[in-house]
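Colleague: Dumping the structure here so I can ask a few things about it.
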Amino acid sequence: MPPRNPNDPITRRLQEHNAWVYSLKESGRYIFHVLVDDQTQGAWVTVGGRRMLMMATYSYLGLIGHPRLAKAACEAAERYGTGGHGSRTLSGTLPIHLELEEALAAFKGTEAAMVFPTGYVTNVSTIASLVGRGDYIISDKYNHASLIDGAIMSGAKLLRYRHGDLDMLERRLRSVPPEAGKLIIADAVFSMDGDILDLPRVVDLARKYDAWLMVDEAHSVGVLGKTGRGIEEHFGMPGVIDIKMGTLSKAIPSMGGYIAAAQWIIHAIRHRARGYIFTGAMSPVVAAVALEGLRLLQEETWRVEKLQANTRRFLRGLRERGFDILRSETPVVPIMAPGLDLAMRLTRAVMARGLFILPVTAPAVPEGQDRLRATVTAAHDEKDVDYALDALTDAAREVGLPLRA
Ligand SMILES: Cc1ncc(COP(=O)(O)O)c(C=O)c1O
């Protein structure tokens, strides 16, 4: 490539961004793409030849490395090959796609479901297929980036409300012209704070103002509810969400995302969503692993119970030791360490004690709300959780993180 003019705006933007990242690296405030050599040993991973306790994972049920998933992948590759011929619309749908969609619909208690190549694409293209110019989207400020990106791309007017402030959600709904299309979008479990959406109240508001409700269950499926079916099961409110979105890259350790809803809604999204129509079919290997993961979730319910017991133990232990973990009620646990410098020092101290936990800093979270984000899983045992609690406390003392008495 010929050298670019350094004053060209695109070149300048990229170079300035690189310079910012290099400055973080040079001052030791940058941790990114840590190379993990082996992730198939349950709760433990190998990093640079060293065993570490994995607490930065979305594999909530500890299914990564499960022999049945590897077997499903091999069998699918032998039966179908590894890729597709093109988009499902133009080049053919495979039986494994339909099987997965039927299983997801049955699991989520809906008439139908459809899958997309990733969870991110699911949100972006579903929202853009539901609403457009003249419609309104009302969104929690802490919603995942893919929901926000979908809202922006749709062309609908985006109204945001303070995280969890449902009075403000109501004021937003009241401000919308009654005849306009309205879509409330929210995470079931907020991916940075680990708190749970107040579904009963949001459903009441959606009904009162005749709004559609779409809920992202990326961190809720396999996690919430007695059998891990998600937020409706958690609150005992089956069938109240219009559009249930989930990913196949977290508790179910494959790739992809899905929408579960009434048949007529799925039919419309299938024929409108650009991220479904204008992209290659989900690989049959990926689909087969997702389907087997979904079966394991339902057969091995002990994993959901163990995850919930570990979550209670970890949250209680951290609160007793005086950590600020916001209002987390789930395996997603923010360990607050305000200020980039403190968050980085705490990360290094924690890593030195054999815990794999990474920081989340501004701009991914609001300024001054830097944190380490730890997760517990069903692969951990009580000894692991207690080890993590002790190591975190020790590391916090070393770096001078204030703990409440
Ligand atoms: C709440 C939420 N929604 C959507 C996504 C995107 O899903 P995927 O990683 O499958 O693309 C994520 C990913 O982290 C997420 O946390």
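Colleague: State whether one or more residues within segment 50-58 are part of a strand (DSSP E or B), under 20 Å from the mean Cα position of the chain (by Cα) and under 20 Å from residue 259 (Cβ atoms).
Modeller: Within segment 50-58 (the criterion being part of a strand (DSSP E or B), under 20 Å from the mean Cα position of the chain (by Cα) and under 20 Å from residue 259 (Cβ atoms)), the answer is no, since none of the residues qualifies.
This table checks each residue for (1) modelled with pLDDT under 95; (2) among the aliphatic types (A, V, I, L, M); (3) surrounded by 19 or more Cβ atoms within 10 Å (Cβ to Cβ); (4) in the same structural domain as residue 224 (by TED's automatic domain parsing).
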position	(1), (2), (3), (4)
354	no, no, no, no
367	yes, no, no, no
375	no, no, yes, no
384	no, no, yes, no
395	no, yes, yes, no
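Colleague: Could I ask something else about it? Mind listing whichever residues of segment 2-37 are among the basic types (Lys, Arg) and in a helix (DSSP H, G or I)?
Modeller: 12, 13, 25
Colleague: Any idea which residue in segment 118-141 is surrounded by the fewest Cβ atoms within 10 Å (Cβ to Cβ), counting only those that are away from the ligand (no atom under 15 Å from the Cβ) and among the charged types (D, E, K, R)?
Modeller: So the residue we want is 133.
Colleague: Let me ask something else. Filter segment 94-114 down to the residues that are in contact with a helix residue (DSSP H, G or I) (Cβ under 7 Å, 6 or more places away or on another chain), closer than 13 Å to residue 245 by Cβ and either surrounded by fewer than 23 Cβ atoms within 10 Å (Cβ to Cβ) or hydroxyl-bearing (Ser, Thr, Tyr) (or both) and list them by number.
Modeller: The one that is in contact with a helix residue (DSSP H, G or I) (Cβ under 7 Å, 6 or more places away or on another chain), closer than 13 Å to residue 245 by Cβ and either surrounded by fewer than 23 Cβ atoms within 10 Å (Cβ to Cβ) or hydroxyl-bearing (Ser, Thr, Tyr) (or both): 113.
Colleague: How many residues does segment 255-282 contain that are within 16 Å of the ligand (Cβ to nearest atom) and either among the hydrophobic types (A, V, I, L, M, F, W, C) or buried (at least 16 other Cβ atoms within 10 Å of the Cβ) (or both)?
Modeller: 11
Colleague: Another question, then. Would you tally the residues in segment 14-67 being closer than 23 Å to residue 335 by Cα, in contact with a Ser or Thr (Cβ under 9 Å, 6 or more places away or on another chain) and surrounded by fewer than 14 Cβ atoms within 10 Å (Cβ to Cβ)?
Modeller: Total satisfying the criteria: 0.
Colleague: While we're here: Please count how many residues of segment 85-117 are within 16 Å of the ligand (Cβ to nearest atom) and under 29 Å from residue 155 (Cα atoms).
Modeller: Number of matching residues: 5.
Colleague: Return the total of residues in segment 289-322 being within 17 Å of residue 247 (Cβ to Cβ) and either in contact with an Asp or Glu (Cβ under 9 Å, 6 or more places away or on another chain) or without any contact (Cβ under 8 Å) to a residue 60 or more places away in the chain (or both).
Modeller: Result for segment 289-322: 1.
Colleague: Given the options 288, 309, name the one that is assigned to a helix (DSSP H, G or I) and outside the structural domain of residue 74 (by TED's automatic domain parsing).
Modeller: Just a single option satisfies the conditions, and that option is 309.
Colleague: Starting from residues that are among the charged types (D, E, K, R) and in contact with a Phe, Trp or Tyr (Cβ under 7 Å, 6 or more places away or on another chain), keep the ones in segment 131-147 and report whichever is nearest to residue 205 (Cα to Cα).
Modeller: This residue is 140.
Colleague: Among the residues of segment 142-161, write down those that are away from the ligand (no atom under 14 Å from the Cβ), in a loop (DSSP other than H, G, I, E, B) and either touching a strand residue (DSSP E or B) at 6+ places or on another chain (Cβ under 8 Å) or not assigned by TED's automatic domain parsing to the domain that holds residue 211 (or both).
Modeller: Correct list: 156 only.
The values are calculated or read from the model by the stated rules, or taken from the named source; none is laboratory data. Just so we're clear, the structure is a prediction, and the values are computed from it rather than from any experiment. In this analysis, Cβ positions are derived from the backbone assuming ideal geometry, glycine residues included, and neighbour counts consider all displayed protein chains.
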